[in-house]
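Chemist: Can you read through this structure? Questions will come right after.
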Amino acid sequence: MASKDKSKTAGGKQLLHLVFGGELMELDKVEFSDLKKLDIVGIYPNYAQAYDAWKDAAQRTVDDAHMRYFIVHLHRLLDPEHGADGSTG
């Protein structure tokens, strides 16, 4: 029996997500104090795995108010004509 590929969504598409973070210059703006010190957590095959990685990274730095982590929907950048569900628009 073949194992289920956990890198695919229920619709069978791989939807890549990047998780990264760093220290912000100001709390109300997304501008990093040092781009060389960005923490690239990883690239994940679906939102659920990316969310788990984001949550872990954010919890590790909860005491530093200037640290922020983000999830970037790479699949939207790679195929901008299609939405997250594969539809156009």
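Nothing in this text is a laboratory measurement; each read-out follows from the coordinates by a stated rule. Note that this is a predicted model, so its numbers are computed, not measured. Ideal geometry is used to build each Cβ from the backbone, glycine not excepted, and the neighbour counts take in all protein chains shown.
Chemist: Name every residue in region 34-59 that is assigned to a loop (DSSP other than H, G, I, E, B) and either within 10 Å of the chain's Cα centre (by Cα) or surrounded by 12 or more Cβ atoms within 10 Å (Cβ to Cβ) (or both), in order of residue number.
Modeler: Leu38, Pro45, Asn46
Chemist: Give the number of residues within region 28-73 that are farther than 16 Å from His17 by Cα and of a type in the set (S, T, N, Q).
Modeler: Within region 28-73, residues that are farther than 16 Å from His17 by Cα and of a type in the set (S, T, N, Q) number 3.
Chemist: Residue check, Phe70 against (1) assigned to a helix (DSSP H, G or I); (2) in contact (Cβ under 8 Å) with a residue 40 or more places away in the chain; (3) not β-branched (Val, Ile, Thr), all met but one. Which one?
Modeler: Tallying (1) assigned to a helix (DSSP H, G or I); (2) in contact (Cβ under 8 Å) with a residue 40 or more places away in the chain; (3) not β-branched (Val, Ile, Thr), Phe70 fails exactly one: (1).
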